[in-house]
Every structure is written in C-alpha cells, then in structure tokens.
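Step one of this worksheet: look at the structure below.
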Amino acid sequence: MPETVEDIEFRLLLEAVLRKYHYDFRGYSIASLRRRLRQARERLGCRTFSQLQDCVLHDSSVFPTLLSYLTVQVSELFRDPAYFRAVREQVVPYLRTYPSLKVWVAGCSTGEEVYSLAILFREEGVEDRTMIYGTDINPEALRKAEAGVYDLDRIPLFTENHRKSGGKSSLSDYYTAAYGGAVFDKSLRRRAVFSDHSLAADEVFAEVQFVSCRNVLIYFDRELQNRAIGLFHDSLSHKGFLGLGARESLRFTEHAESFEEFDREERIYRKRGDR
Amino acid sequence: MTRPQLEAVAVGASAGALEALSVVLPALPPDFPLPILVVVHLPPDRKSLMAGLLGDRCRLSVREAEDKEPAEPGTVYLAPPDYHLMVEPDRRLSLSGEEPVLFSRPSIDVLFETAAETYGPGLAGVILSGANSDGARGLRAIMNAGGVGMVQRPDTALAQTMPTSALAACPKALALDLAEIAAALRDMVESR
Ligand SMILES: C[S@@+](CC[C@H](N)C(=O)[O-])C[C@H]1O[C@@H](n2cnc3c(N)ncnc32)[C@H](O)[C@@H]1O
C-alpha cells in the first residue's frame, strides 16, 4: 500500500516524542502502536496525528496519558503458571549453586513478575542471596510496582496462578487486605530494585544470571528485538538463563545461535558457553 | 471489470467455528497460493487443539502464528489463544496482549482492520458462524479498502449473530454457504 498522509503523520509524531521526551518508539511493531495511538488521539480529542503532535509538543501534561497508550501494561502475578513452574523446577536448581544471584526483569510493568519471582525464590530458599532488578520505561508503572498494591478482585486469579506454578505456601501469606487493595509484604521488596531503563535506548547495567523478559518483545520490530536480545546476551553471565513470554522466541532474531533451548515449551533459553 | 489480485484471506469465526472451518479449509488445494489468517474465539488456555484438529482434516499446513513471521502462501495461521493477531505493513504477522476488544482476545476486528491496511484491495475477509458481533467492523474496513467481503449465509450457520451483524454492517458482502465460500476462494485465485 502506498504511504498515506496518516503514515507520514505517525512517523512525525514518533519523532516529536523522541526529540521532546526522549522516548524512542520508532522500532515498535507498527500495527499495534498505530491502533493504540488512534485510541489516544480519540481520548485526547484530536482529529489527526498532527493535531496530537501539536498538543503533546506544547503541553507536557498530556505526555503521561499518551505514554499510557504507547506502552501496553497488561500483567498478572504468576502469569502463565507453567513458566514459573519451569523456573522453579528446572532453573532454580542451577541458580542455587551460585553464592550470589542477580536477576533482571526487563519490562516489569506494575511489578507482578517481580513479586512472583520474589515469592518463588523465598519458597525455594534462595531469597537471601538474590537481587532482583525490575526495569521499565513507564514511570507510573514503576511507581505502582514500588507500592506493590493490587486490586483485591484480582487475588483469586493470582492465587490460582500461584497454586498452578507449584507454590509451596498460601498466597495469602504474602499480602494483607486493606482499603480494597491487596498490599504485598514489604519484605518481598527488600531484595528488589525498580528503575527506569529502556531496551530501545540504554545500555547493559549489570551482570546477571537470569533475565526474565516476558511479553515485551512482541511489541518490538525485529531490529529492536535484536537490540534487546543483544543486551540480554551481554548482560548474562556464562551459561545464564533467558526466559521469554509464552509466544516469544529467538527464532526470528539474529541471536538464535548464541543461545540453546533449555525448555522449548516454556521459552527458556540458556546462553551458550562458547561465545 | 477486473479486480486486483488477491494476496491474503482473513477469516473470523466463533461459536460453530470448528464445524464451519472443517468444511471451508479442506476444500482448498494444498497449493492454495495465499496465506490464510484465522481468528477463532477460544478460551484463553495456553493449549488449543484447534490447529491439530484442522490440520488433520486439511491439505494445507495449519499452525498457530509466531510473532514476526512472514505470512506464507498455502499456510493457515491461527491466532494463539489470548493474543491478538495483526498484520504489519511489511506483511509479517505480529501478536499483542493488549486489551480485549468486544470481550475477545484474539479479536476478529483487530486482525481484519490491520490486514486491510496492509493488503488493501488484495484481501478477502470471511465471516463464519458465531454468537457475537466481532468481525462486523473489520469486514467493513476490508470492503472500504476495496477488498472482498464474504459472509456465511446466516440460515446455514450454527450461530447466526456473527454473520447477521456482518451483513448488517456490510450489505454488499456476498452471503454464501460454506461450500460456495470455498468455491469462491478457489475461483478468485484460479482466474489469475
Ligand atoms: C505487557 S507488559 C509486560 C509485563 C510483564 N513482563 C508480564 O509479562 O506480565 C510490557 C511492558 O514493557 C514495557 N516496555 C515497553 N517498551 C519498553 C522498553 N523500550 N524498555 C523497557 N520496557 C519497555 C512497558 O512499559 C510495559 O510495562
């Protein structure tokens, strides 16, 4: 299809967001980003992407709203329980052998994945030697992750997921109900750090033994996927583990050869020793 | 009047999907020269049996779509449970976990609208049996872009709401029974 006026405006809008706010969305999957930007356009009462660009360039107070459309924030505690079961039963036995352990949860959104791993590591007795870095580009999501408060009506799903992941205790041991929310135990966060980091723009910040990056790469085009996986590769220690989302794989990326499939079904990879 | 060559087929179905797809897809030859992109509403469980069941009955290869894979001719790509399936401008398929649309993820509208933007007049959209109105908007987008719209004749569908809504939104769509839909798809690629 020939380039439409809307395509031109779409590109210019992303360029404006990069120049003024330093968020780089140029390498994201277009179909999904365009849909969400159209929703933002409607919500902000603009007729065209050019109008939306005008609005966001001249009024920084609308940027957080726009960012909430630019980034998809869907998450759950122990989302895809079979993944967490595989981490518990197959990855942790290796991680146990390290005297100290660093884990990077890239694109942690509102923190559910970090709390899931914190609970899992406690149950498996490796909490005390583990540091978890949760990173994301959405400051509002990071704030919620720090707070660790989730809607009470999500608890039945979380409890069911935790049980299916092979949970060794009751999820209710880890939160208290207050003011309509489930407040997760602050002690779970003792060994977790949340911070701003972009897989599109920033560099590696630590050596880790395990990277869990779930449901983030699908929003990237192949080039940006390659960049992100390159960061994971550089960050991982010798024979470190990489866990992806249920529908993500290294198959269409340039790093496929640098990892071996550790658990094919659960999309867990292991960095090859020889590179 | 000659119309532009078809480049892809998008199909949406819900209640009664397996029965309907089991008539349409096996009637297509193994060298059917277009990719066929399919959204069926299924429970969000990880594993769906749909690809296996259809694969056993078809001469085309049937599988769940992988993120960023190119859409190849002669292959049926099913949206995986709990993910939207979309078509990128470079014709690769992409998956997304964003909010359900009309309570559905995957959503037929989302596939149809993104595919219409990429393929324009080169797309055929097919709405089969289903008990909701997903797909009506998407089929309209396909037809507005110059593509072909086909709908299972409601009186032949196990669940009529989906075809009825699609026909209400797209009065110019062809209302056909399942055998006629398969025949029309074969004809449209043979005449090229
Ligand atoms: C769908 S959520 C995934 C949450 C969690 N990992 C899970 O699987 O449940 C995707 C997250 O990726 C974040 N994200 C998007 N672009 C990013 C980037 N360039 N760098 C880091 N995180 C990014 C979004 O802000 C969002 O929080």
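Some observations on this one:
- Remark on the range A:1-129: Rg and Dmax equal 20.4, 58 Å (Cα only).
- Buried surface between chains B and A: roughly 2500 Å² of accessible area, summed over both sides, computed with a 1.4 Å probe on protein heavy atoms only.
- For chain A, the Kirkwood hydrodynamic radius comes to 19.8 Å, computed from all pairs of different C-alpha atoms.
- If a spin label sat at a point 7 angstrom from the Cα of residue B:47 along the line to its beta carbon, no backbone N atom of the range A:152-192 would be nearer than 15 Å.
- Long-range amide H partners of residue B:98 with built H, under 5 Å: B:84
- For the range B:71-80, backbone phi angles converted through the Karplus equation (6.51, -1.76, 1.60; θ = phi - 60°) give residue-by-residue couplings of 7, 9, x, x, 10, 9, 9, 9, 5, x Hz, Gly and Pro being listed as x.
- Each residue of the range A:102-108 was assigned a 3J(HN,Hα) from its phi angle through the Karplus expression (A = 6.51, B = -1.76, C = 1.60, θ = phi - 60°), giving 10, 10, 10, 9, 8, x, 7 Hz with x at Gly and Pro.
- Averaged over its residues, the range A:180-275 has an accessible area of 41 Å² per residue, based on protein heavy atoms and a 1.4 Å probe.
- Largest GNM mean-square fluctuation across A:262, A:252, A:220, computed for chain A with C-alpha springs under 10 Å, falls on A:252.
- Helical runs assigned H by DSSP (4 residues or longer) give chain B a calculated mean residue ellipticity at 222 nm of -9000 deg cm²/dmol, each run adding -39500 (n - 2.57) before division by the residue total.
- From the largest down, the protein assembly as shown spans 72, 54, 51 angstrom on the principal axes of its Cα atoms.
- For the residue pairs A:186/B:47; A:239/B:68; A:102/B:68; A:164/A:271; A:144/A:164; A:186/B:68, alpha carbon separations beyond 32 Å are given by A:186/B:47; A:186/B:68.
- Karplus 3J(HN,Hα) series, Hz, for the range A:152-162 with 6.51 cos²θ - 1.76 cosθ + 1.60 (x for Gly, Pro): 4, 6, 8, 4, x, 5, 4, 5, 4, 4, 4
- For the range A:21-40, residues shielded by at least 10 square angstrom of accessible area compared with the chain on its own, probe 1.4 Å: A:29, A:30, A:31, A:32, A:34, A:35, A:36, A:38
- Gaussian network model of chain B, Cα within-10 Å springs - most flexible of B:55, B:138, B:12: B:55
- Residue-averaged [θ]222 nm for chain A, counting only DSSP H segments that reach four residues, each worth -39500 (n - 2.57): -11000 deg cm²/dmol
- Inverse of mean 1/r across different Cα pairs in chain B, Kirkwood, Å: 15.9
- For the range B:72-160, the equivalent ellipsoid derived from the alpha-carbon gyration tensor has semi-axes of 20, 17, 12 Å in decreasing order.
- Temperature 20 °C, viscosity 1.002 mPa s: under these conditions the Stokes-Einstein estimate for the range A:133-271, based on its Kirkwood radius over C-alpha pairs, is 127 µm² per second.
- Note on chain A: GNM, Cα springs under 10 Å; of A:142, A:152, A:13, the largest mean-square fluctuation is that of A:152.
- Approximate shape of the range A:87-165 as ellipsoid semi-axes (Cα gyration tensor, √5λ), whole Å, largest first: 23, 17, 9
- Under 5 Å between amide hydrogens, built in the peptide plane, is the criterion, and for residue B:64 it picks out B:78 among residues at least 5 positions away or on other chains.
The values are calculated or read from the model by the stated rules, or taken from the named source; none is laboratory data. Small disclaimer: the values here were computed from a predicted structure and weren't measured. Cβ coordinates were reconstructed from backbone atoms using ideal geometry, including for glycine residues, and neighbour counts include every protein chain displayed. Heads up: the accessible areas ignore ligands, DNA and RNA and are worked out on the full protein's heavy atoms, side chains in. Shrake-Rupley method; radii C 1.70, N 1.55, O 1.52, S 1.80 Å.
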